[in-house]
1. Relative contact order for the chain: what percent, with Cα pairs under 8 Å and sequence separation of 6 or more?
2. Pulled fully out, how much extra length does the chain show between residue 11 and residue 103, if you take 0.36 nm times their separation in residues and subtract their Cα-Cα distance?
3. To the nearest 20 debye, what charge dipole does the chain have about its Cα centre, counting +1 at the Cβ of each Lys and Arg and -1 at the Cβ of each Asp and Glu?
4. Using the crude model of +1 on Lys and Arg Cβ and -1 on Asp and Glu Cβ, and no other charge, please compute the dipole size for region 81-140 relative to its Cα centre, in debye to 20.
5. Once you've got the Cα coordinates, tell me which of 14/101; 14/145; 6/115; 87/110 are over 26 Å apart.
6. So what is the relative contact order for region 64-130, in percent, with contacts set as C-alpha pairs under 8 Å and at least six apart?
7. Hey, if you put +1 on the Cβ of every Lys and Arg and -1 on every Asp and Glu Cβ in the chain, which of 133, 2, 144 ends up farthest toward the positive end of that dipole?
8. Distance between the C-alpha centers of region 105-146 and region 1-27? Whole Å please.
Amino acid sequence: MVICVKSFSELTTKDLYAVLQLRSEIFVVEQNCVYQDIDGKDFNALHVLGFKNDQLVAYTRIFKPGDYFKDASIGRVVVKKSERQHKYGYNIMEASITAVKEQLQQTTIKISAQKYLLKFYNNLGFKEEGEEYLEDGIPHMVMYKH
């Protein structure tokens, strides 16, 4: 998988279409969750794209402190269902953590993690803080990496 980090203005129309298609495929269709994915926040994000054979298979978006949360954050973490056996989730998250450190000069990262993925995020150094809550009908936990 080839990973690149782009600002919103650096995304091509093909990139943007692939991002929105993948996010919709997973967050709306696979997870059977009706919600507004196109939330107006993509303009301020750094987009971490993972391509395999020119197809987008993994993605995250990153925010500097104050653009989404008080701290830097990583969100919309997604891997195409047919590609999950390759551990691309770890690859895209490691690249995202590196981008937060190198491009945003931040070491504290906040995420809003779907509860069933806690072990995945624990393995990347994130720790739960606070109580479980529902976001779009799905149990979540706030997690931090310091």
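The values are calculated or read from the model by the stated rules, or taken from the named source; none is laboratory data. Because the structure is a prediction, the values reported are computed rather than measured. Ideal geometry is used to build each Cβ from the backbone, glycine not excepted, and the neighbour counts take in all protein chains shown. Side chains are part of the model used for accessible areas, which takes the heavy atoms of the whole protein and leaves out ligands, DNA and RNA. Shrake-Rupley method; radii C 1.70, N 1.55, O 1.52, S 1.80 Å.
1. Values: 234 pairs, mean separation 28.0, N = 146.
With pairs under 8 Å counted, the relative contact order is 19 percent.
2. Numbers: separation 92, 0.36 × 92 = 33.12 nm, distance 1.70 nm.
Using 0.36 nm per residue and subtracting the Cα-Cα distance, I get 31.4 nm.
3. Numbers: 19 positive and 19 negative charges, 78 e Å.
The calculation lands at about 380 debye.
4. Numbers: 8 positive and 9 negative charges, 58 e Å.
Charge dipole, region 81-140, about its Cα centre: 280 debye, nearest 20.
5. Values: 14/101 28 Å; 14/145 32 Å; 6/115 28 Å; 87/110 22 Å.
Table pairs above 26 Å Cα-Cα are 14/101; 14/145; 6/115.
6. Numbers: 43 pairs, mean separation 22.9, N = 67.
Contact order relative to length: 34 percent.
7. Towards the positive end, the residue furthest out is 2.
8. 23
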